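The values are calculated or read from the model by the stated rules, or taken from the named source; none is laboratory data. Given the structure is predicted, the values throughout are model-derived calculations rather than measurements. Ideal geometry is used to build each Cβ from the backbone, glycine not excepted, and the neighbour counts take in all protein chains shown. Side chains are part of the model used for accessible areas, which takes the heavy atoms of the whole protein and leaves out ligands, DNA and RNA. Shrake-Rupley method; radii C 1.70, N 1.55, O 1.52, S 1.80 Å.
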Amino acid sequence: MELLDDSASPGTTISAPGLIPSTSQRFKEVPLPMNLREDTERTFVYDSKSTQVARMVYYSKDSLRDLAQFYIRQTKDSGWKLISTTQVDESVALQFTKPGRRMDVNIRRQGVGRSNQLVILYLPDEGTS
């Protein structure tokens with residue numbers, strides 16, 4: 001699945017260079033691209049033997065499209081299934097599931113000259129099997 005690139009001319013095909021996965025991750029099955037800056041004031045992580053719940057907030061200089069394509073490609077390696085994709089003007093929302101887990105990836109443009117905001121919700125999901 002390829003997302004639209006609003007910076008390209010109509011009819012232009014753009015090949016995403018592909019972001020490099022970071023070796024530093026909070027959760028093994030939640031991929032993160034390199035060069036993210038974490039917003040520690042807005043991030044919440046609860047990790048115990050029985051439950052993992054997180055709202056992780058990051059900022060990236062990478063494009064909205066490149067960040068979305070990173071998640072569409074990288075989640076397959078961790079066993080995630082893409083359930084929905086919503087692309088509206090300045091944002092992209094991706095929803096993934098796997099047995100017992102749900103991950104929502106929301107990427108939002110912050111404005112000219114500012115980093116894009118990446119919010120990842122990582123939750124238990126009893127509805128998937």
Scanning the stretch 89-103 for residues that are open to solvent by less than 50 Å² (accessible area, probe 1.4 Å) and free of Cβ contacts under 8 Å to residues at least 60 places away in the same chain, the one farthest from the chain's Cα centre (by Cα) turns out to be Gly100
Only one of Thr51, Thr86 is more than 11 Å from the chain's Cα centre (by Cα), modelled with pLDDT under 95 and β-branched (Val, Ile, Thr), namely Thr51
Among residues of the stretch 73-88 being surrounded by fewer than 20 Cβ atoms within 10 Å (Cβ to Cβ) and in contact (Cβ under 8 Å) with a residue 40 or more places away in the chain, the residue nearest to Glu38 (Cα to Cα) is Gln74
Of those in the stretch 89-106 that are touching a helix residue (DSSP H, G or I) at 6+ places or on another chain (Cβ under 8 Å) and of a type outside the set (A, V, I, L, M, F, W, C), the residue modelled with the highest pLDDT is Ser91
